[in-house]
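Have a look at the structure below before the remarks.
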Amino acid sequence: MKIKKLQWVLALSGLVQMSLSAQAGVVISQIYGGQGNVYNQDYVELFNNGSAAVNIAGWSVQYASATGTGNFSANGVTTLSGLLQPGQYYLVGLRSAANGSSLTADISNNATDMSGTNGKVVLVNNSNGLTCNGSSAVCSPAQLAQIVDLVGYGSANFFEGAAAPAINGSTALLRKNNGCQDSNQNGNDFATGSPAPRNSSSAVNVCGSGPVGNQPIVTSCPAVTLQVGEAGSVLLQASDADSVVNAATLLATAPAGVTLNNFVAAGSDGQSAIASLQLDGSLPAGSYSVDVRFANNEAQTATCSVNVTVQNSSITRIYDIQGSGLGVASTSPLNGQNVTTEGVVTAVFPGLNGYYIQDASGDGNPLTSDGIFVYLGSGVAPTVSVGQKLRLSATVTEFNTITELINISNVQVLSSNNVILPTDISLPEVTEGDLEAYEGMLVRITTPLTASQNYFQGRYGQVTLSAEGRMIKPTNIHPANSAAAAQLADENARRRLVLDDGSSVQNPNPIPFIGDDDTLRAGDIVENLTGVIDHGLITASNPGPRDYKLHPTQAVSFTRENLRTATPASVGGNYKVASFNVLNYFTTFTNGATASGQSGQGCRLGGSVSASNCRGANNLVEFNRQRNKIIRALTAINADAVGLMEIQNNGAVAAQNLVDGLNAVLGANTYAVVADPATGTGTDAIKVAMIYKPARLTPAGAALSDTNSINNRPTLAQTFQAANGEKFSVLVNHLKSKSCSDAGGADADQGDGQGCYNAQRIAQANQLVQFIQTVKNQANDPDVLVIGDLNAYGKEQPVLVLENAGLQDQIARYNGEDGYSYVFDGESGYLDHALANADLAAQVTGTVHWHINADEPFVIDYNTEFKPQDLYTDSPYRSSDHDPVIVGLQLVKSLQGGNQRDTLVGTAGDDVLTGGIGADTLTGGAGRDLFVYQSLRDATDTITDFTPTEDQLDIRELLQSIGYQGNQPFDDGVARWVSVNGGTQLQITAKPLVTLRGVTAASLNAQRDVRW
């Protein structure tokens, strides 16, 4: 072992230079931190470059970041074991990953995650975590005296002499001369190179001339302490630098109940032979010396004594503390009592100020948990390591539905390097609360789990998961209070598990579980989650919903199953209408400033005008971030009319600001604002608004609003006319929210899944039914589309009121039970609706939600507060908390000829022209026109202005009338283009059907220009 501690102390005091003569002993010989690149684990390689064997049992390897403030103790302490012969290597495996070549380590500890570039590693002569880092937390003389070797690399601020070079994901730091060089100058002693890990079974490399004479057998026989009736074992080792240890014998003096098993001879000179001393639990209380004799292939022997202590048991087992009660309401039968217990450390969470221990053998009872949380107190960092078996005294308590141990004292480390294998469990639970049987235990979830909610990912490090796919809000597909809704609610509860980052720190940095594109989308999948089961709050409100959680002990990696899309799915038709909740788009900010540069302003709420009434961006920086995202989204949607919810109620100012931004991208006058109705927009701080494309639609009359007192935000209605004269009316709504502020009586939460103020929303829906008739009467047109945030899911009573009045749910029509626009408490559903009456429903061609918001984590939105790691991007994703709705409409003018020679002239819009029997002259006009042929009796027509790529011929009924059953009439010779004087003629069975005047055959494409 190197003797240089005093010099380190002096060097840190500035009294001497770090230039020391080499001291032989155990050194750090290799460091690799690129887990998953070359090897699947980080590792630290040790090497005995001396001439004598060194017992490293109870030593440890510890790591700290290069320049951070965290101590060595905070990153996991890997306790070592065994005897290291001269020239022998020893490989310590650390944090693992899914990729890379498998590492054969002598010992592993997944708790330590090293940097792949810069850091500090120490070899310590005990297993206590060092509460220093050599820089911001200076190591005391006593702590320095415990450090056997130190390597600082890259930008490290603690090192021997000078820092060693930085490494990367594909290189390792290697001590020169195969580990033999040790000048106590990291910069001189190390070089970078390809990772080449060596373990205790690798070839021995004795430095210098090697040992002289016949070396003795060196043994390692640790003591063991057990309770009466407790079985156990201890690992024995022996090695000989120049011989092979090939035998081990339990001497006859050993008491009954003790056996020597599992002997494995050394593979070659210098390697260790191992054997397991087994104790079956039958020894009475007392102290015993058990002798074991090792022998080698040169007739040498060495005897070691294992000191066995058996104590009268005063231990309360963890499973007895937990008890057998299931469900979240169960409590420990020993709640409030003081106990002494034992367990193996399975997980250490500094962010929770504690760690988990688990009974080494358990009681085999599926109703009792074998694990428990040990809480050290606020601000107290744990110093134990995974794999240590502890005995401790504590008080049993119930904290927020969790059984845990507090007031910890008399902590003893009984042994190290114990392994607790995770218990495999699957979801859903059979009965809600079954996971109570695993509270505090190390488990592996064998069921693939889906991310169902990520709202709290950036704030609290939590992601709600669910088995068997995403969770659907019961009242989205089943009526409230129905048996089906209750059954789905129970299924959701049994399928749910919350992934927690194992820390109570808010706004974690880096944000946990973020994946590709700096996001984690609801719908993404994670498999084989391993960690400990906890229970607690799963929302921001306290009191609030609680459920079982898992704190991972291994790296978590999601698979992107729910891909982002750059544009919404096609809805068909020739016009698009959209609905978008723009999440408090305010041009007056909470700091009193405005988007136009004013200061000291406020927002109106009832009769009050104050900056405290403003609900959107806090300042201009946030507003520009918000505005850019919404503009990106609306540009991609490219709708002809858009209903907006949650926009500031300040006349046309906010809506015009948004339109100005859109027109700056799309071109001047692309969009315009529908003027506020003469009847007003209500007195709330927010309102609904509408924008449209003047080149595509013309307002037919003034907008209307329903200012009935039941509406806290009046419905806005506008009738539009298309270029072909077809009209339709759009009604934009934002019904009362589900928030329970001041709710009472019938508006209080009735426990039926519909939230608060459902009675008011029902009344608002009934009022909307009446207002629809007013709109239809003014428009003198029956076509009505109701859009907006109804704050009611698909089968809740307000929506059913509208359906019973004749409106048809276009989300359900085109998406079945898969439609959603919002996620709350992990359940998906749609609050954002599109309902059409029967007249307009016949003209709807498709309806979709564009999932750019509900699936994205809240932490990537425009806000700047609570974001030590800001993942904002100038993109449509998380531009709001609601997904927009897009509806396709096919608005066409039908013109029908008679049974004679007709002349039909279309409109400036999209038309369907059917000339009928006889030689007709047809002119479509502007727009995309469709010319329909039903039989060969419609033949010899002339179309004067057919435009390929824009207009089409429809011959489906005609082909049916002649009995054609194929699917390629042009390939089959049934249809053909023929060039004629003045244009091109379409012939059917060699008979002229229609002449396209001024059109060449080369410009036509049958697949594109003809429907069949």
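Data overview
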item: Positions within the stretch 948-989 being closer than 27 Å to Gly898 by Cβ, in a loop (DSSP other than H, G, I, E, B), touching a residue at least 12 places away in the same chain (Cβ under 8 Å) and not acidic (Asp, Glu), in sequence order; result: Ile955, Ile962, Gly982, Thr989
item: Whichever residue in the stretch 867-889 is of a type outside the set (Ser, Thr, Tyr) and either surrounded by fewer than 18 Cβ atoms within 10 Å (Cβ to Cβ) or on the phi > 0 side of the Ramachandran plot (or both) and, among such residues, is farthest from the chain's Cα centre (by Cα); result: Asp874
item: Number of the condition not met by Pro508 [criteria: (1) open to solvent by less than 30 Å² (accessible area, probe 1.4 Å); (2) within 20 Å of Ala854 (Cβ to Cβ)]; result: (2)
item: Complete set of residues in the stretch 924-943 that are open to solvent by 40 Å² or more (accessible area, probe 1.4 Å) and not basic (Lys, Arg); result: Ala926, Gln934, Leu936, Thr940
item: Answer residue from the stretch 799-827, given it is among the charged types (D, E, K, R) and open to solvent by less than 40 Å² (accessible area, probe 1.4 Å) and is nearest to Ala522 (Cα to Cα) among those; result: Glu827
item: Residues of the stretch 381-440 classified as over 28 Å from Ser108 (Cβ atoms), outside any strand (DSSP E or B) and open to solvent by 20 Å² or more (accessible area, probe 1.4 Å), total; result: 7
item: Top-ranked residue of the stretch 459-494 - restricted to ones that are polar (S, T, N, Q) and in contact (Cβ under 8 Å) with a residue 24 or more places away in the chain, ranked as nearest to Val859 (Cα to Cα); result: Gln462
item: Selection from the stretch 276-312 of residues that are more than 30 Å from Thr340 (Cα to Cα) and without any contact (Cβ under 8 Å) to a residue 40 or more places away in the chain; result: Ala299
item: Subset of the stretch 252-289 [assigned to a strand (DSSP E or B), within 54 Å of the chain's Cα centre (by Cα) and closer than 29 Å to Asn214 by Cβ]; result: Leu260, Asn262, Phe263, Val264, Ser272, Ala273, Ile274, Ala275, Ser276, Leu277
item: Lone qualifier among Asp752, Asp783 - being charged (D, E, K, R), within 35 Å of the chain's Cα centre (by Cα) and surrounded by fewer than 24 Cβ atoms within 10 Å (Cβ to Cβ); result: Asp752
item: Candidate set: the stretch 703-721, residues that are surrounded by fewer than 24 Cβ atoms within 10 Å (Cβ to Cβ) and of a type in the set (A, V, I, L, M, F, W, C); chosen: the one nearest to Gly925 (Cα to Cα); result: Ala703
item: Selection count, the stretch 896-909, where residues are touching a strand residue (DSSP E or B) at 6+ places or on another chain (Cβ under 7 Å), outside any strand (DSSP E or B) and either of a type in the set (A, V, I, L, M, F, W, C) or open to solvent by 20 Å² or more (accessible area, probe 1.4 Å) (or both); result: 1
item: Matching strands (runs of 3 or more DSSP E) fully within the stretch 124-217 where at least 3 residues are in contact (Cβ under 8 Å) with a residue 60 or more places away in the chain; result: 147-153, 172-175
item: Every pair of residues 6+ apart whose Cβ atoms lie under 7 Å, when the first sits in the stretch 836-853 and is surrounded by 18 or more Cβ atoms within 10 Å (Cβ to Cβ) while the second is of a type in the set (Phe, Trp, Tyr) and assigned to a strand (DSSP E or B); result: Leu840/Phe728
item: Qualifying residue in the stretch 751-772 (condition: more than 29 Å from Gly846 (Cα to Cα), among the acidic types (Asp, Glu), at pLDDT 95 or above and part of a loop (DSSP other than H, G, I, E, B)); result: yes
item: Thr249 in a loop (DSSP other than H, G, I, E, B), over 22 Å from Tyr89 (Cβ atoms) and among the hydroxyl-bearing types (Ser, Thr, Tyr); result: no
item: Pick from the stretch 535-563, criterion of a type in the set (Lys, Arg) and assigned to a strand (DSSP E or B), ranking: modelled with the lowest pLDDT; result: Arg546
item: Subset of the stretch 543-594 (residues that are over 30 Å from Met114 (Cβ atoms), among the hydrophobic types (A, V, I, L, M, F, W, C) and open to solvent by 20 Å² or more (accessible area, probe 1.4 Å)); result: Leu563, Ala566, Ala569, Leu583, Ala593
item: Qualifying residue in the stretch 114-124 (condition: under 38 Å from the mean Cα position of the chain (by Cα), of a type outside the set (S, T, N, Q), at pLDDT 90 or above and surrounded by fewer than 22 Cβ atoms within 10 Å (Cβ to Cβ)); result: no
item: Any strands (runs of 3 or more DSSP E) falling wholly within the stretch 595-666 and containing at least 2 residues that are among the β-branched types (Val, Ile, Thr) and buried (at least 20 other Cβ atoms within 10 Å of the Cβ); result: 641-648
item: Residue match in the stretch 584-604 (condition: under 20 Å from Pro876 (Cα atoms), polar (S, T, N, Q) and under 29 Å from the mean Cα position of the chain (by Cα)); result: yes
item: Filter result for Gly25 (on the phi > 0 side of the Ramachandran plot, at pLDDT below 85 and not aliphatic (A, V, I, L, M)); result: no
item: Residues that are hydroxyl-bearing (Ser, Thr, Tyr) and touching a Lys or Arg at 6+ places or on another chain (Cβ under 6 Å), drawn from the stretch 720-767; result: Tyr757
item: Out of Ser739, Ser729, sole residue that is surrounded by fewer than 24 Cβ atoms within 10 Å (Cβ to Cβ) and hydroxyl-bearing (Ser, Thr, Tyr); result: Ser739
item: Selected residue [open to solvent by less than 20 Å² (accessible area, probe 1.4 Å), of a type in the set (S, T, N, Q) and touching a Leu at 6+ places or on another chain (Cβ under 8 Å)] from Ser239, Ser243, Ser183; result: Ser239
item: Sole residue being open to solvent by 30 Å² or more (accessible area, probe 1.4 Å) and modelled with pLDDT under 90, chosen from Asn128, Asn110, Asn55; result: Asn110
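One line per residue, one yes/no per condition, for (1) touching a strand residue (DSSP E or B) at 6+ places or on another chain (Cβ under 6 Å); (2) of a type in the set (Ser, Thr, Tyr); (3) modelled with pLDDT under 95; (4) within 30 Å of Asn758 (Cα to Cα):
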| residue | (1), (2), (3), (4) |
| --- | --- |
| Thr423 | yes, yes, no, no |
| Glu439 | yes, no, no, no |
| Ile445 | yes, no, no, no |
| Pro448 | yes, no, no, no |
| Tyr460 | no, yes, yes, no |
| Arg470 | yes, no, no, yes |
| Asn476 | yes, no, no, yes |
| Pro479 | no, no, no, yes |
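The values are calculated or read from the model by the stated rules, or taken from the named source; none is laboratory data. Note that the structure is predicted; figures quoted are calculated from it, not measured. Reconstructed Cβ throughout: ideal geometry from the backbone, glycine too, with neighbour counts over all protein chains shown. The accessibility values were calculated without ligands, DNA or RNA, using every heavy atom of the protein model including side chains. Shrake-Rupley method; radii C 1.70, N 1.55, O 1.52, S 1.80 Å.
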